[in-house]
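Everything on this sheet refers to the single structure shown next.
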Amino acid sequence: MSMNYKNLTIKSKKKKSKKEYALDIPPMDNIPKWVQELSKRNGIENCYYDYKNYHGETCFYIRRYEPYEMGKNTKKVLVPFSFDTISNEWVRTSWKTDRPLFREDRLKRTQKPIIIFEGEKTTLAGEKLFKDHVSVCWSGGTNAIHQTNFSKLEDRKIILWPDNDKDGMKAMHHIAKVLIENEITEDINIVDLPNNLPTAWDVADPVNLPGVTVEGILSTFHEYSPEKKIWKEIDKEYKEREADKVEYDLIDNYVYVRDRTDFFEINTYKFATQKQIIDWYAHVDRNMSNRLLENKDLKKVHSYLTHAGLPPGVIEIKPKQIPGVPPGVYLNNFKGSNIEPIEPTTEKDKKALQEIIDYYRWLIPNWDIVEQIIAYIIRNPGKKIQYATIIVSKTEGAGKGLLSLVIQSMLGADNVEVNVSHSQMTGKHMTILEGKQLIILNEVLISGTGLEKKEITNKMKSLFTDPTIVIEPKGKPQMTIPNFCNFFIFSNDERALHLNKESRRYFVTFIKRTPEEIEKKLEKEKVKDKILHAIEGDGSSHLKWYFKHQVEIPDEKIFHSRAPITDDMLQMVQESRPDAIRILDEALETNAPPFRNMHQWFSFADLDGARNVVPQFSGLCIREELYLYLRNRKEFQGLYLTLDLVGDWLKEKAIPWNDGNITRQISIYKNEAGDGKGYKKQITRPRAYLLKDLEVPEFNYPRNAKNAKPTLTHKTKLSEMTDGQLGNHHISFAYGESDLNMYKDHHDNLMENSPNADLKHKKVSYDY
């Protein structure tokens, strides 16, 4: 039986060398020196075998080493030598497919029957014994039949002559199966080997059985009959071999990520579940994922990250190398960009670059900061800016989308995700950050109630600032991954996000150019065409050079602290306040209900002599009281309003008390019905906010004195009153349930009809 030389080149299912060959027919004059030397010898020992194709062209050689030549008491060794057209040299490896038969070139000159032996030595012996036949064999032994091209045996008479062992017989069944299933020939015969021949006997060995000759054995040939059991074994081996090949091809394309229990496909930069791999390769193996996992050459990592400043692929993170990232083996799924910064050299390219920069400098207020942000991202891959950049324009087609494409063209389309919606950022299975250096949220407008807008804004804020994020890939448990992604936000609405004065993580700039101005620049002056042309050509490299080398960044600390505060940011803060809060803002500013205050604080007598109090704003607010009052007001119906929202507004607007606290407990006395023995005085001590530190006059009211005037005794600021005085004042003058306009009318009528001449015709002033 011939030696299987497969193991000489492949020790396992994984390649030991990444070197690639291009094996082909060598030039006619390129003959290895060792072949020239061996060709001078006689006999079969220490020889070589020249594999020529049907047309007589040498394809490759097999070098035969005898045991004593190898220096060991072992079996013979067969080594293939093939010609590599890349290096133009002979290399120790074999053709993987389409191998010719040994002695195939002799088929062209005759129609004699063909005997297929196992091994070159046996074939040469058969040539001498059977002159009326053509003796051939295949290369590589029993495991390489599938790599041989048998097509030159088409319509020929075939006689199969196996070695005297189980493997030899199975090999002949295999060849017969190939010939039949590929419709090469059906004229297939096989010899019967006599009993008592030595194991592994072949034609090159002597026959030591009485009355038995090789000619006699040849005469026993008969029509080949398939054996289903052996054919099934061969089919199984083919499938296993195909699965081995698939596994062999896949092993370098997958990385197993433990935290996801998924495979990362290097060629697609996507994750594949174990089930997806099983389903995809079910035609070769029903559990390809397990084959990969069991292969020691499969790369395995603890988790993954997207870091533009580290090499893509499998990397090792050392302790304290990246804050918040524990040491271990990681997959960096950052793809990288093939755009290199190139300085423009021609006047045309310089002018085109300058026109693009000039347009955005003209269009975007605070462009100096915007371009510093872009430059920082390009110069510091993998570093995260601690805030998002918001660019707002009410004008469609202002060039925000073009700016997205400009940035994407410089960083690489695989690393920048444009036209992302806020729902993609906050959804349950949010994984859009995977593999991205920058995300651009486009046309962002968060609708819904104030609470919903606030919650969504807060969710997104954590993505902009946190060093790690929690994601939940579909069908997977939650996991934490490092967050190195930066963010731009484009919107057409000044109320896109819910911001307040304490919002530190948003740099905001509004585009104020008119549609006519923008159209003139983009269309008539053809700036749009220049931007698109730059993106499609070398302009991306020129732009990247500008941001990398020309933009000055005076202080990089601005990217790791609070975002620069702009007037536009303050305007967005105001515009993004809930409608109910904006109504309260205006009411407090304009002295309107429920904060309307009139200058007459005293009680006065009507025509019947009864005491009356002008209902108005006392200057104090109790959170719960104000909340219930507003909930019953018609103008607040259907608006987003919560107790906490009212409380936050009061904290924002309140004047600190003299002790520096924002609230103060006041004492309110109430008479409540007792147990039949009169009234009991109840005291409550709510916390009050001071919104207007009013001066409250104290009057002395003469009783039952005709035409007597009330006299002013003194004035006291609310902040100087005692807890009890504040309680009495608030309960006397607090806003009521009714519209205060009716109290104005009632008050004016009382003044007109008052017997006190000094009060007649004195209208109410609302500017206290």
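What the table shows:
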item	result
From 310, 293, 209, residue being at negative phi and either in contact with a His (Cβ under 8 Å, 6 or more places away or on another chain) or at pLDDT 95 or above (or both)	293
Index of the failed condition, residue 536 passing every other in (1) modelled with pLDDT of 90 or more; (2) in the same structural domain as residue 503 (by TED's automatic domain parsing)	(1)
Subset of the stretch 627-661 (residues that are of a type in the set (Gly, Ala, Ser), surrounded by fewer than 17 Cβ atoms within 10 Å (Cβ to Cβ) and more than 21 Å from residue 454 (Cα to Cα))	660
The listed residue being assigned to a helix (DSSP H, G or I) and closer than 21 Å to residue 398 by Cβ, out of 558, 518	518
Meets criteria (at pLDDT below 75, β-branched (Val, Ile, Thr) and either assigned by TED's automatic domain parsing to the domain that holds residue 648 or touching a strand residue (DSSP E or B) at 6+ places or on another chain (Cβ under 6 Å) (or both)) for residue 420	no
Filter result for residue 200 (out of contact with any strand residue (DSSP E or B) (no Cβ under 8 Å at 6 or more places or on another chain), small (Gly, Ala, Ser) and either on the phi < 0 side of the Ramachandran plot or touching a residue at least 24 places away in the same chain (Cβ under 8 Å) (or both))	yes
Answer from 292, 310 - the residue that is aliphatic (A, V, I, L, M) and in a helix (DSSP H, G or I)	292
Out of 552, 523, sole residue that is part of a loop (DSSP other than H, G, I, E, B) and loosely packed, with under 14 Cβ neighbours inside 10 Å	552
Candidate set: the stretch 271-314, residues that are crowded, with 19+ Cβ neighbours inside 10 Å and small (Gly, Ala, Ser); chosen: the one farthest from residue 255 (Cα to Cα)	308
Test for residue 146: is it of a type outside the set (Asp, Glu) and over 55 Å from the mean Cα position of the chain (by Cα)	no
Criterion violated by residue 326 - all others in (1) under 20 Å from the mean Cα position of the chain (by Cα); (2) on the phi < 0 side of the Ramachandran plot satisfied	(1)
Residues of the stretch 131-173 satisfying the condition of being surrounded by 20 or more Cβ atoms within 10 Å (Cβ to Cβ), without any contact (Cβ under 8 Å) to a residue 60 or more places away in the chain and among the hydroxyl-bearing types (Ser, Thr, Tyr)	135, 148
Looking only at the stretch 236-260, and only at residues there that are crowded, with 16+ Cβ neighbours inside 10 Å, touching a helix residue (DSSP H, G or I) at 6+ places or on another chain (Cβ under 8 Å) and of a type outside the set (A, V, I, L, M, F, W, C), the one that is nearest to residue 304 (Cα to Cα)	256
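The values are calculated or read from the model by the stated rules, or taken from the named source; none is laboratory data. If you're wondering where the values come from, they're calculated on a predicted model, not measured in any experiment. So basically every Cβ, Gly included, is an ideal-geometry build from the backbone, and we count neighbours across all protein chains shown.
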